[in-house]
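Undergrad: Before I ask anything, let me first share the structure, which is written out below as structure tokens.
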Amino acid sequence: MSLLVLFVCTTLGIFLICCFLQGVSYEISYPNQTCKKAPLKTPFRPIEIPPDAKLLGKVVLGTNLAPGMGVLINAWAGAVPVLKAKYKLAFTEFGCLPISSQIHVENVGWIFTNFYNLVIGIEDPNEFIPPPSCDKAELQQTENEELKEFLRFII
């Protein structure tokens, strides 16, 4: 199993595992104990500051009145004309860890992403392995269009 994956909780009890190197996505419903397996043709894009992004400024999340009470954040903005999208991103100054992204796509609307409890490295790689219920899942013939569109706008 490839570890070049994206793990997303879509709604309560429903998870997506995207195995980009294998070209397969899994939609797992733990409450229903079901698994849908579909082709994944969308390329992997790391969460990073695009090279053409403009620095809007630096802010402190929390306070800088006492050591360790705040985090220095860099705010970035830019556009992706081919997608008719504009974005604002926030990353930590030290470590360049993502904090949030706000993406506005014409004819789609806003997509907000927040990052919490980030861990450097992978604590348990088994979290990215689909459960045994996916072993017998038939590969659908078409890519999950909703997932394809979601991944298209992740910056």
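Undergrad: About its Cα centre, how strong a charge dipole does segment 14-152 have in debye, to the nearest 20, once Lys and Arg get +1 and Asp and Glu get -1 at the Cβ? Can you show the working numbers first?
TA: Details: 12 positive and 14 negative charges, 90 e Å.
Result for segment 14-152 is approximately 440 debye, rounded to the nearest 20.
Undergrad: Under 20 Å from the Cα of Lys86, which lysines turn up, not counting those fewer than eight places away in the same chain?
TA: By straight Cα distance, Lys86 reaches Lys54, Lys58, Lys148.
Undergrad: Evaluate the Debye formula for segment 14-152 with equal point scatterers sitting on the alpha carbons, no solvent, and hand back log10 of I(q)/I(0) at q = 0.21 Å⁻¹, in q order, two decimals.
TA: At q = 0.21 Å⁻¹ the computed log10 ratios are -1.29.
Undergrad: If you build a Gaussian network model of the chain, linking Cα atoms that sit under 10 Å apart, which residue out of Tyr87, Tyr30, Tyr116 swings the most?
TA: Tyr116
Undergrad: DSSP loop GluC sites (Glu not before Pro) in segment 47-120 with at most 10 other Cβ atoms within 10 Å of their Cβ, which ones?
TA: On the way: sites: Glu48, Glu93, Glu106; in loops: Glu48, Glu93, Glu106.
When the GluC sites (Glu not before Pro) of segment 47-120 are filtered for loop state and at most 10 Cβ neighbours within 10 Å, Glu106 remain.
Undergrad: So, with a 1.4 angstrom probe, what is the percent of accessible area on the chain that is carbon and sulfur?
TA: Values: 6080 of 10360 Å².
On the chain, the fraction of accessible area on carbon and sulfur atoms equals 59 percent.
Undergrad: How far apart, in nm, are the 7 Å Cα→Cβ label points at Leu83 and Gln102?
TA: 1.7
Undergrad: While we're on this one: Using a Gaussian network model on the chain with a 10 Å cutoff between Cα atoms, which of Leu83, Leu65, Leu21 fluctuates the most?
TA: Judging by the Gaussian network model, the answer is Leu65.
Undergrad: Ignoring ligands and nucleic acids, what accessible area does Phe20 show with a 1.4 Å probe (Å², nearest 10)?
TA: Roll a 1.4 Å probe over it and Phe20 shows about 30 Å².
Undergrad: With the other protein chains left in place, how much accessible area per residue, in square angstrom, belongs to segment 20-133 at a 1.4 angstrom probe?
TA: Values: 7740 Å² over 114 residues.
Ligands and nucleic acids excluded, the figure is 68 Å² per residue.
Undergrad: Using only protein heavy atoms and a 1.4 Å probe, report how much of Lys88 is accessible, in Å² to the nearest 10.
TA: 110
Undergrad: If you average the C-alpha positions of segment 65-125 and of segment 39-53 separately, how far apart do those two centres end up, in angstrom?
TA: If you average the Cα positions of each part, the centres end up 13 Å apart.
The values are calculated or read from the model by the stated rules, or taken from the named source; none is laboratory data. Given the structure is predicted, the values throughout are model-derived calculations rather than measurements. Please note: Cβ atoms are built from the backbone with ideal geometry, for glycine as well, and neighbour counts cover all protein chains shown. Remember, those area values only see protein heavy atoms, side chains included, never the ligands or the DNA or RNA. Shrake-Rupley method; radii C 1.70, N 1.55, O 1.52, S 1.80 Å.
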